[in-house]
1. At a 1.4 Å probe radius, which order do VAL142, VAL133 fall into by accessible area, largest first?
2. Work out the FRET efficiency for GLU155 and THR58 from their Cβ-Cβ distance, taking R0 = 35 Å, and round it to the nearest 0.05.
3. Full-extension gain between VAL148 and ARG44, please, as 0.36 nm times their residue separation minus the C-alpha to C-alpha distance.
Amino acid sequence: MATQEVSAGRTGAARGAPRGTAGHTTTLGGGATGPGEPAATRGRTSIADAVVVKVAGTAAREVPGVRDMGGGLSRTFGAVRDRVPGGRPDVGRGVKVEVGERQAAVDLGLVAEYGVPIADLAREVRENVVDAVERITGLEVVEVNITVHDVRLPEEDDEDRGDGAGSRVA
């Protein structure tokens, strides 16, 4: 995949740039060179958009009340992938990012547990994502947009088990 560096001087998130592009990177700090420079400032640090996607997705999933991430079709494909032996869960499912030189914008799609107040859940997810992305990447998060695609009902959990626990008849 091609690596694209963000040009210096941009201050906002990369509006209009490819969203969630795996090969896109953001360079933090210009980086000085030469033996006379302090060791901590020699060179550049680049963060791939995929890093921001994973951090945001993991942070969103940590919040109690988030049942799953992504819309209907992506959840279906994700469920199949999760059941394949040796497959890893896709922590980026339901996450799109726009990353600029110093800022990032995050879009999340999620499924909430039934009974959890959605406004409170969205606030907690937003706070956790902003904290994690800013702490881990050093980028300022300018917005976290959340779309709740579905609400998971308790009886849907029983159906998923396939052990007959949700059945009323033998």
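1. Working: VAL142 65, VAL133 0 Å².
Sorted descending by solvent-accessible area, the residues read VAL142, VAL133.
2. Numbers: r = 29 Å, r/R0 = 0.81.
Computed FRET efficiency for GLU155 and THR58 comes out at 0.75.
3. Values: separation 104, 0.36 × 104 = 37.44 nm, distance 3.76 nm.
Extra length from VAL148 to ARG44 when fully extended: 33.7 nm.
The values are calculated or read from the model by the stated rules, or taken from the named source; none is laboratory data. These numbers were taken from a predicted model, which means no experiment stands behind them. A quick note on method: Cβ atoms are made from the backbone with ideal geometry, for glycine too, and the neighbour counts reach across all protein chains shown. Accessible surface areas use protein heavy atoms only, side chains included; no ligands, DNA or RNA. Shrake-Rupley method; radii C 1.70, N 1.55, O 1.52, S 1.80 Å.
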